[in-house]
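Taken together, the values in this text are just the output of simple stated rules run on the coordinates, not laboratory data. None of the values given here were measured: they were computed from a predicted structure. Here the Cβ is made from the backbone with ideal geometry for all residues, glycine too, and neighbour counts use every protein chain on show.
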Amino acid sequence: MWYESGKHQEMGITHSPLYHLVVPRPIAWISTRIGTHTNLAPMSYFTVVRDREPEMIAFCVGHRGRAHARLGWRWNAPKDTITLVKQTGVFCVNFVDPPHFEAMVDTAKNCGPEVSEAEEFGIEMADCQLINCSRVATAPASLECEVWDIIDLPKTVESTDHHLVLGKVLAHWVSDDIIQNGTIHYQSVGRLGGDEYCTEWNEVTRVRPDRHKKEV
Amino acid sequence: MWYRNEEFDSSGLKINPFHTIVSPRPIAWVSTLSEDGIPNLAPYAYFNAVSIDPDMIMISFCNRGQAHVEQFGFELNAPKDTFANISATREFCISMPTYEQAEQVNCTAWNLKPEVSEWIQCEVEMEPSYTIAPPRVKGSPVAIECVVHDLINLPPATPARLTTTLCIGLIKATYIDDQYIVDDRLNLSGVTTIGRLGFVDYCTVGDENIFTLQRPDRYSKRNY
């Protein structure tokens, strides 16, 4: 089967399967803070975009769409994460291993802006060092980030606003539990389509054909 | 452990764990054509979807560093073939790699000269795309045909450092192998896909390591 973008429904496919196709996606469990209020939410349109100084990451967040409107939200209302990122200019990306999996999914709940997901679900937070923000205290790793740019993505008449946030990584938190012989090993949780996630039970190692190892 | 990025050297870690932390990453097996029509194929893992309606993806390319200069004789900060081709022709096709193709995916990471095609070197078969000139990989369950929407230069810390460019791509068309359409939905059950971890590690994503959890508010994009 082949179809032009936006015409999947003519092929009988109800929803664009893009996020079933781009898998497995890393999960950015993003904490933002204003005053004493902490917001925590998972995003999986997320990747490294620059792995040399300055290290940078990008994540995309869309405004609330039709499914949210059915739950009573205003269509195209911004999510708390993008509102707070714009307001404060900083955010922390926390990472998820199997012990944090359920808590991470809990924080995907569409709570009102007055609700702190960290408090609601009893997730222990700690202060970041360089930015005025909180991090998940027990996460295997966290990145302290500041906004470098926020890019508006193109949209159609029917689609909501989407922002691509480009962030500079200022500092790394790495749990001592995942450091072995100067390198890190942790079991990350990845995002698939629908309600599906994966963990990397089966690691496979491939040495590059030219035996060039990056950055060693 | 906590360290400022500029203080990494005193952290006691041997290798910067940044790309191990951000995992598992999806793999874009990117096919391009040079201006002269030479086909190129290479895997990139700084890649993700960014939006639906219109369908868009992002993929990041870093120019060649000191290791490439010393080991392979490339010029410092030279663009990799994939990025050079995308800059020139504005088109690229991303095929989804499966576990069965892992050796071939890894083979196409070879730092070959621009005139050598990974398709031939790694014995990968191609199929024509529908809306763009670069072909897709035969045997991949899914491929997306993309054009450049924007190229964003990400800032080097000093002029001497390497250039990285983030490509935002607009998807023109999607190919799905018909056997993976079940009840009018994409169903990749039975396909083992692969993801990128840190260093030389990959992971597999198959039926055995997928688990499902309903969102707390039962809002499901699947039932849109």
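Here A:I123, A:I131, A:I178, A:I184 are screened, and the one residue that is within 7 Å of chain B (Cβ to nearest Cβ) and hydrophobic (A, V, I, L, M, F, W, C) is A:I184.
Scoring A:S31 on the criteria (1) crowded, with 20+ Cβ neighbours inside 10 Å; (2) part of a helix (DSSP H, G or I); (3) among the polar types (S, T, N, Q) leaves a single failure, condition (2). Among the residues of segment B:1-37, those that are of a type in the set (A, V, I, L, M) and at the interface with chain A (Cβ under 7 Å from one of its Cβ atoms) comprise B:M1, B:L13, B:I15, B:I21, B:V22.
Here is a yes/no grid of residues against (1) surrounded by fewer than 19 Cβ atoms within 10 Å (Cβ to Cβ); (2) within 29 Å of B:H149 (Cα to Cα):
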site	(1), (2)
B:F72	yes, no
B:A78	yes, yes
B:N85	no, yes
B:A88	yes, yes
B:P97	no, yes
B:N106	no, yes
B:W110	yes, yes
B:Q121	yes, no
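Quick one: in segment A:92-119, which of the residues that are outside any loop (DSSP other than H, G, I, E, B) and out of contact with any strand residue (DSSP E or B) (no Cβ under 9 Å at 6 or more places or on another chain) is surrounded by the most Cβ atoms within 10 Å (Cβ to Cβ)? If we take residues in segment A:92-119 being outside any loop (DSSP other than H, G, I, E, B) and out of contact with any strand residue (DSSP E or B) (no Cβ under 9 Å at 6 or more places or on another chain), then A:D106 is surrounded by the most Cβ atoms within 10 Å (Cβ to Cβ).
Inspect all residues belonging to segment A:60-70 and state whether any of them is in contact (Cβ under 8 Å) with a residue 12 or more places away in the chain, assigned to a loop (DSSP other than H, G, I, E, B), surrounded by 16 or more Cβ atoms within 10 Å (Cβ to Cβ) and away from every other protein chain (no Cβ under 11 Å). Within segment A:60-70, none of the residues are in contact (Cβ under 8 Å) with a residue 12 or more places away in the chain, assigned to a loop (DSSP other than H, G, I, E, B), surrounded by 16 or more Cβ atoms within 10 Å (Cβ to Cβ) and away from every other protein chain (no Cβ under 11 Å). Filtered by the rule that a residue be touching a residue at least 60 places away in the same chain (Cβ under 8 Å) and either in a strand (DSSP E or B) or at the interface with chain B (Cβ under 7 Å from one of its Cβ atoms) (or both), segment A:143-165 gives A:L143, A:C145, A:V147, A:W148, A:I150, A:L153, A:T156, A:S159, A:H162, A:H163, A:L164, A:V165. Selection of segment B:38-87 for residues being touching a residue at least 12 places away in the same chain (Cβ under 8 Å), more than 25 Å from A:F59 (Cα to Cα) and in a loop (DSSP other than H, G, I, E, B) yields B:I38, B:G65, B:F74, B:L76, B:N77, B:A78.
Within segment A:71-91, if we keep just the residues that are charged (D, E, K, R) and surrounded by fewer than 20 Cβ atoms within 10 Å (Cβ to Cβ), the residue that is farthest from A:W148 (Cα to Cα) turns out to be A:R74.
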